[in-house]
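The values are calculated or read from the model by the stated rules, or taken from the named source; none is laboratory data. Note that the structure is predicted; figures quoted are calculated from it, not measured. Here the Cβ positions follow ideal geometry from the backbone for every residue, glycine too, while neighbour counts run over all protein chains shown.
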Amino acid sequence: MSQPCLVPAPARLTLDEGSPFLLASDVALVMTTDAAGVADAAAELRRLIAARTGIHLAAPTPANGQEPHLRLSLDHDGPAESYRLRSDAGAVHVAGADAAGLFYGVQTLVQAITTDASGWRIAAMEIEDAPRFAYRGVMLDVARHFLDVATVCGYIDRAAGLKFNALHLHLTDDQGWRIQMHSRPRLTEKSASSSVGADGGGFYTHDDYRAIVAYAGRHHMIVVPEIDGPSHTHAISLAYPELCAPPVVSAQLRRQSEEDGNALPLGGVAYEGIGVGFSSLRIRDEATYTFLADVLTELAALTPGPYLHIGGDEALGTDAEDYDRYIARLSRLVAETGKTAIVWHEAGVCGGLAEGTIGQYWGFVSPTDGMDEKTRGFVRRGGRVILSPADAIYLDMKFDPDSPLGLTWARGVTSARRSYEWEPTAVIDGIDQAQILGVEAPLWSETVRTSADIDALAFPRIAAAAEAAWSPALGALPLRTWESFRARVGGLGPLWRSLGIRFTALSEIDWT
Ligand code: TNX
């Protein structure tokens, strides 16, 4: 019996000699409790088994000793989000420490289904598994191109299946504002219809956003909304020009706009190019903070998760003192809403940064330009760090030089191997396991328009990010090696296909 292909690699896996469990339509699905979350986990299991095997299991029943059965329970004694899975010829038992743990155990069970001439089977084994990091994120940029609710929910399905638990939505940028604000209706009336490449726009109503939050919640994911500033704010100027400083149009931005035929981001003109850093809010004007307080308060009320992201990246046209002033005000505004701020790493050395602010690092696996020093600033202020090393897990980097999808600024084409072979505790000196809140894989959407584009860029490299976020350290287990990963991911091809994931069949991966 070949090894089951599990991604992310579980913390402990012991294969038994015994006969496998045979999965067929006579298998009972047993729930030992109807506690919250168990019925959802059972529904997820039935859905996934039907997709993978075509077998439609009967609705779950209370335990009655009948075999063969799949049993779901909530009696695992382990940390948050952990689970235990035991399988033999008679039964498969998944026990969660909580509803999230049970959900993750179900994902593992489905990955473990293999097939041969005699049918569908699950190897006899025992797994004890728990996440390494508490925050395991993916990010979608819905600003450069708007992505509709169905597309976002499709990505939630995919990410939750890899045990991610946070969806960061980059809701605002120069090219568009994507969320309705009752306090500031002009934002979606004036600032939401543009995108990179003039592909049209869009925005989420409150109900749309609530639908995403609820869908994420059923998949044990929080939503982390981002309102970027003080730069990446040109779209705001279309609705509230009085809040925005004149754009800093560099020679480079001018050249680029000529090359790709985009209008310069001048007053009242939508920006549909891919330049960054030219826009800024008016940092010394109180009206700016009245606006931001309205927006953050409304967004906080819509968002059950504990975080609001305030951007802070690439403020190229903002001087250091003004930048500091903005970050100080915003990180405190977020604290006033009862949430914790997350901010890109540039803000780590700002004097006024609120205590406990979380920093998100987007430099390389080997830091350059003092980005490591900035990131250590968050820890000095009692905050922790989310790692998104761009040359490893920016999923919008090209996987193939000849594909129109993807960018190349983070050290060119990013192979799956480069996505995989990095260790979170080795990125920034002085930032260790305890200071790392987690790992997040962003997907910026300059070149992304559709769900198929997302799949092609994200899969399979998203699996490498999942493993960095969930599994023990690189090299700490026989499974935590590139050779093991390329075989395990390869084994997921049939499952991904059955779920409609249009992954890129990179030649580095050992597809089966
Ligand atoms: C950098 S890294 C950005 C985004 C771009 C992305 C493209 C960071 C925080 N900002 O504005 O969309 O590169 O890869």
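Couple of notes before you dig in:
- If you go through the range 134-150 and keep only what is away from the ligand (no atom under 16 Å from the Cβ) and either modelled with pLDDT under 95 or of a type outside the set (A, V, I, L, M) (or both), you end up with Tyr135, Arg136, Asp148.
- Leu253 being in a helix (DSSP H, G or I) and within 21 Å of Trp409 (Cβ to Cβ): yes
- Odd one out for Val489, checked against (1) outside any loop (DSSP other than H, G, I, E, B); (2) among the β-branched types (Val, Ile, Thr); (3) assigned by TED's automatic domain parsing to the domain that holds Gly201: (3)
- Among the residues listed as Ser419, Ser445, the single one being closer than 26 Å to Gly202 by Cβ, within 15 Å of the ligand (Cβ to nearest atom) and not charged (D, E, K, R): Ser445
- Hits in the range 375-401 - residues which are more than 13 Å from the ligand (Cβ to nearest atom) and over 17 Å from Arg461 (Cβ atoms): Arg376, Gly377, Phe378, Val379, Arg380, Arg381, Gly382, Gly383, Arg384, Val385
- Residue selected from the range 430-442 under the condition closer than 14 Å to Gln360 by Cα and without any contact (Cβ under 8 Å) to a residue 60 or more places away in the chain, by the criterion nearest to the ligand (Cβ to nearest atom): Ile431
- The range 14-36, residues that are of a type outside the set (Val, Ile, Thr), in contact with a Leu (Cβ under 7 Å, 6 or more places away or on another chain) and crowded, with 17+ Cβ neighbours inside 10 Å: Leu29, Met31
- In the range 83-129, counting only strands (runs of 3 or more DSSP E) that sit wholly within it, the ones holding 1 or more residues that are among the small types (Gly, Ala, Ser) span 83-87, 91-96, 119-122.
- Residue among Leu308, Leu292, Leu281 that is buried (at least 21 other Cβ atoms within 10 Å of the Cβ) and either among the β-branched types (Val, Ile, Thr) or in contact with an Asp or Glu (Cβ under 9 Å, 6 or more places away or on another chain) (or both): Leu308
- Test result for Leu57, surrounded by 13 or more Cβ atoms within 10 Å (Cβ to Cβ), in contact with a helix residue (DSSP H, G or I) (Cβ under 8 Å, 6 or more places away or on another chain) and modelled with pLDDT of 95 or more: yes
- Residue satisfying condition, being surrounded by fewer than 23 Cβ atoms within 10 Å (Cβ to Cβ) and under 28 Å from Glu272 (Cβ atoms), within set Val138, Val110, Val149: Val149
- Single residue of the range 160-190 satisfying the filter (free of Cβ contacts under 8 Å to residues at least 40 places away in the same chain and in a loop (DSSP other than H, G, I, E, B)) that is nearest to the chain's Cα centre (by Cα): Arg178
- Residue list for the range 402-416, filter: among the aliphatic types (A, V, I, L, M), away from the ligand (no atom under 13 Å from the Cβ) and more than 26 Å from Ala476 (Cβ to Cβ): Val413
- Test for Ala476: is it assigned to a helix (DSSP H, G or I), small (Gly, Ala, Ser) and either away from the ligand (no atom under 15 Å from the Cβ) or without any contact (Cβ under 8 Å) to a residue 12 or more places away in the chain (or both): no
- All conditions in (1) in contact (Cβ under 8 Å) with a residue 60 or more places away in the chain; (2) not β-branched (Val, Ile, Thr); (3) not in a helix (DSSP H, G or I) hold for Leu495, with the sole exception of (3).
- Of the residues Ala124, Ala150, the single one that is over 16 Å from Ile462 (Cβ atoms) and in contact with an Asp or Glu (Cβ under 7 Å, 6 or more places away or on another chain) is Ala124.
- Verdict on Glu67 being at positive phi and charged (D, E, K, R): no
- Those residues of the range 274-328 which are of a type in the set (Gly, Ala, Ser) and within 30 Å of Leu405 (Cα to Cα), in sequence order: Gly275, Gly277, Ser279, Ser280, Gly311, Gly312, Ala315, Gly317
- When Ala487, Ala464 are screened for being small (Gly, Ala, Ser) and in contact with a helix residue (DSSP H, G or I) (Cβ under 6 Å, 6 or more places away or on another chain), only Ala464 passes.
- Single residue of the range 61-83 satisfying the filter (over 19 Å from Asn165 (Cβ atoms) and under 31 Å from the mean Cα position of the chain (by Cα)) that is surrounded by the most Cβ atoms within 10 Å (Cβ to Cβ): Leu72
- In summary, Leu162 fulfils each of the numbered conditions (1) touching a Pro at 6+ places or on another chain (Cβ under 8 Å); (2) under 20 Å from Gly229 (Cα atoms) with the single exception of condition (2).
- Subset of the range 244-267 (residues that are under 19 Å from Ser280 (Cβ atoms), modelled with pLDDT of 90 or more and loosely packed, with under 12 Cβ neighbours inside 10 Å): Ala251, Gln252
- Residue check for Thr447: at pLDDT below 95, assigned to a loop (DSSP other than H, G, I, E, B) and either β-branched (Val, Ile, Thr) or surrounded by 22 or more Cβ atoms within 10 Å (Cβ to Cβ) (or both): no
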